[in-house]
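Inspection log for the structure reproduced underneath, given as structure tokens.
Since every read-out is calculated from the coordinates, none of them should be taken as a lab result. In this text, all values refer to a predicted model and were calculated from it rather than measured experimentally. FYI the Cβ positions are ideal-geometry reconstructions off the backbone, even for glycines, and counts take in every protein chain you see.
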Amino acid sequence: MINFTQHKQTFIIIFTAIILLELTDLIWKDHEMVSFLMHLGLLLITMILLLFLIQGSSSTSRELRNSNKNLNDIFETLDVAIWSHDLKADHLLITPGIEKLYGYSLDEFYRDSLLWRKVIFPEDECVLNERKEKLSTGEPCTSIYRIIKPDGQVRWIQDRGIPTLDEKGEMTSFTSVLFDITDRKESEDQYRSLVEMSPDIIAVISNSKFEYINEAGSKLIGASSPSEVLNKDVSEFSDSKTVSNIKEKVSNSFVGERFEVKVFRLDGQEIEVEISIMPILYGGRTAIQLVGRDITERKKAEKTIHHMAYYDSLTDIPNRNMFKKYLNETLDTSSDQPFAILFLDLDRFKVINDTKGHSTGDIILKKVAIRLKQVVQEEGVVFRQGGDEFILILPNMNRKSVKLMANKILHYFTTPFIINDQEFFVTPSIGISMYPEDGREEESLIKHADKAMYLAKDAGKNNYQFYFAHLDKASSKKMELETGLRKALELEQFTLFYQPKIHLETKEILGVEALIRWEHPTRGTISPIEFIPLAEETGLIIPMGKWVLKQACEQSKAWEKQGVGIIPVAVNISVRQIKDEGFVDVIKEILAETDLEPSRLELEITESIMQDFEHSTKVLTQLKELGIVLSMDDFGTGYSSLNNLRFLPIDNIKIDKSFIDDIITDTNHVSIVKAIIDMSQNMNFNTIAEGIETEEQVHFLKQNSCEIGQGYHFSRPLPPKELEMFLRKQV
Ligand code: C2E
Ligand code: MG
Ligand code: MG
């Protein structure tokens, strides 16, 4: 098939030639009519065909022009220019787009073919050397450099050069496609600097390996530069749990969600990082973009704040806030599983604080916390409520197991705490409330355990008590006792019993100790252990103490007058009385009223007077000046050392019954008692042993040079009449 479009020109020539021949033929030859008409017909057909062809040809060139124009328009809008140089023919073709790219006219480029080079940003000229080298090998090469436009504007150009070499390797032509990439480059640069200078970690992970990491990220990991981290597996920097967690988040499309992970630095240190992840395409492959922030310091601060809020600063065990939180959590989850709350208060802890100072008190509190944790172990949680109070929660425990635990605690506290070689016996009083029977919510459970603790205190300390429904009545009992106590003096319900003090060697009666009894109309005889603390608490001890003093002095004087004998009398004095301003005057007054020789009155004070050493020394000195005998009662329980007593005008030391109790069996107590006796003698104190109950104790004390004693072994405290009988028997 002949393609007419392709051979259009040939046809036009042929047809024109035919027309010319026919015309000459018609003009110059004399034809017959038929032949003339045939030639004329042929001429006309040829001319029609020629016209048709010429018309067709002009419409094709219009189409071509149009498409060329379209192409030019596209090039002009595209910020692209083509530079094509036929080196052999030295024919240069530049598309007009170059004017827009470079700001110079097309003419200027044609006039100066090196103009493109002259406008390159000086710092980027080095790019051209590399480019030249690469192009000379025949390989296409893409270079990026800046140019300076005539108006001074700097633009980024991407230049794709395509060389053509002949068989000898010489470049025959060269084409360059030029783009203005300033906008893309600037936004890319901005993005890059944002990423690189970001204080946050930005990394790209593909196939569990670091494909990219910024400076902040490499620093965080402890690397000297990002390259040290690239291509390393993420598992080198985190545990398997974290890695699988990240994978899970990616697969579950938790993108953008922040979560915390642990990261191991190259130096082995563990840090905490908050990250968010997002799947991205990186280098044409799917990858994970990770953005993170070091939150180690924040976490530490959070932990410190949490610790400060929920832990006790002294003992470092959970505090009362944590207790409430824990209790409510236990209440939420326990359904009807029983559990116990133990309120624990240290007995006579105040005495330690007062006599040994708060620093010793603090050490003991710390040791108590440790000891409680040792007893409870995994079976419960120990909290410090404040002061000398601790709380224990024992989950999933019935009454029987709680009893076992409470006994275990009491047993643990039978061992003394040792501080600077000194022993401190600290005992707890424990109140217990049980869930659910004693309360179903926080408030009632706490209140009831607290009440039970007071019951334990009232029951003589160093024991535990369960809350019971009538306990509320028990505290009203205490109020009843207080009201009764206020009236007891008026109603003359107090009496004094007397316990003799014996010379252990000669069995001679050296004096008596006056001990108060309350003859209660309904409850019978009440022990001073029960009501003296209440009297001290309420201040009733002042009038009561005055009554005792007067009564005792009168009795001693009466025995003298009655010829029973010269019986010095010892009276117990509370700290509260010593603190009372008129105390010395009261003594003077009583001595004057009863006409008792001051040396026949002995005052028994306790170590708690050390709380206010200065004032106590002043009062005791005044009493001493009156000629009164002074004794330190219950010695050994208040933790004051004999050394401290040197500065007080004391005559006698009464060794507490608790030491005497065990002198036969407890080697520890043996050495304590021996030391007290020895040191007392060195300091010219007489030692009096309290609570002697056996002949063995008498024997031991005598052997160790303790000369005076009192106790049931000789006589219980007796009413005056009975004591008189005892005295007579002895004589
Ligand atoms: P205290 O001054 O140490 O008195 C000794 C206590 O031990 C007395 O208890 C006495 O009955 C008891 N006792 C003596 N020998 C023995 C013994 O061999 N075995 C046993 N188991 N006990 C023995 P009581 O009379 O119950 O007095 C207790 C405490 O009450 C006294 O201890 C004293 O601190 C205080 N008290 C007693 N009367 C008064 C008083 O008039 N005023 C003040 N402020 N306190 C007093
Ligand atoms: Mg006494
Ligand atoms: Mg005593």
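A few comments on the model shown:
- For the chain, the longest principal axis of the C-alpha atoms and the axis of helix 240-251 are separated by about 50°.
- A cut-off of 5 Å between modelled amide H atoms, ignoring neighbours fewer than 5 places along the same chain, links residue 311 with 319.
- With a Förster radius of 45 Å applied to the C-beta separation of residue 684 and residue 525, the computed FRET efficiency comes to 0.70.
- Listed values for segment 297-304 are Karplus-derived 3J(HN,Hα) couplings in whole Hz (6.51 cos²θ - 1.76 cosθ + 1.60, θ = phi - 60°), namely 5, 4, 5, 4, 4, 4, 5, 4, and x replaces Gly and Pro.
- Its Cα gyration tensor gives segment 311-468 an equivalent ellipsoid; the semi-axes, largest first and in whole Å, are 26, 16, 14.
- Sequence-distant contacts, meaning Cα pairs under 8 Å at least 6 residues apart, place the relative contact order of the chain at 6 percent.
- Evaluating kT/(6 pi eta Rh) at 4 °C and 1.567 mPa s, with the Kirkwood radius of segment 198-299 over Cα pairs in the Stokes-Einstein relation, gives 96 µm² s⁻¹.
- DSSP-assigned coil residues among trypsin sites (Lys or Arg not before Pro) in segment 121-220, each with at most 14 further Cβ atoms within 10 Å: 168
- Fully extending the segment from residue 301 to residue 173 would add 39.1 nm, taking 0.36 nm per residue of separation and subtracting the current Cα-Cα distance.
- Counting only alpha carbon atoms, the long axis of helix 528-538 and the longest principal axis of the chain meet at about 60°.
- Orientation-averaged projected area, Cα convex hull of segment 689-730 (nm²): 3.0 nm²
- For segment 337-422, the ratio of Cα radius of gyration to the globular rule of thumb 2.2 N^0.38 Å stands at 1.16.
- Cα-based shape type of segment 495-640, given that a ≥ b ≥ c are square roots of the gyration tensor eigenvalues and the cut on a/c is 1.5: rounded
- Ranking of 352, 409 by neighbouring Cβ atoms within 10 Å, starting from the fewest: 409, 352.
- Hull-based mean projected area of segment 487-730, where the convex hull spans the alpha carbons, in square nanometres: 13.2 nm²
- Against the rule of thumb 2.2 N^0.38 Å, how large the Cα Rg of the chain comes out: 2.08
- Neighbour-count order for 151, 345, 595, fewest beta carbons within 10 angstrom listed first: 151, 595, 345
- To the nearest ten degrees, helix 613-626 and the longest principal axis of the Cα atoms of the chain are 10 degrees apart.
- Within the same chain, aspartates and glutamates fewer than 8 places from residue 367 are excluded, and of the rest, those with a Cα less than 20 Å from its Cα are 312, 316, 345, 347, 354, 378, 379, 388, 389, 421, 423.
- Amide hydrogen neighbours beyond the local backbone of residue 688, cut-off 5 Å, H modeled: 653, 654, 655
- Set of aspartates and glutamates near residue 478 by C-alpha distance (under 13 Å), chain-local residues within fewer than 8 positions excluded: 458, 530, 537
- When each of 550/657; 579/674; 477/501 is checked by Cα-Cα distance, pairs over 30 Å: 579/674; 477/501
- At full extension, residue 118 and residue 622 could sit 170.1 nm farther apart than now, given 0.36 nm per residue minus the alpha carbon distance.
- Phi to ³J(HN,Hα) by Karplus 6.51 cos²θ - 1.76 cosθ + 1.60 over segment 198-211, Hz, x for Gly, Pro: 5, x, 8, 7, 10, 9, 10, 10, 9, 6, 6, 10, 6, 8
- Between residue 282 and 287, the built amide H atoms are under 5 Å apart, and every one of these is 5 or more places off in sequence or on another chain.
- Treating r as the C-beta distance of residue 407 and residue 441 and R0 as 30 Å, the FRET efficiency rounds to 0.60.
- Dipole size of segment 297-395 about its Cα centre, with +1 on Lys/Arg Cβ and -1 on Asp/Glu Cβ: approximately 420 debye, rounded to the nearest 20.
- Put in line by how crowded their Cβ is, counting other Cβ atoms within 10 Å and starting with the fewest, 390, 659 read 659, 390.
- If R0 equals 30 Å, the separation of the Cβ atoms of residue 106 and residue 65 corresponds to a calculated FRET efficiency of about 0.95.
- Measuring against 26 Å, Cα to Cα, the residue pairs 88/149; 624/729; 303/408; 241/299 contain 88/149; 624/729; 303/408 as the ones spanning a longer distance.
- Summing Lys and Arg as +1 and Asp and Glu as -1 over all other residues whose Cβ lies under 15 Å from the Cβ of residue 207 gives a net charge of +1.
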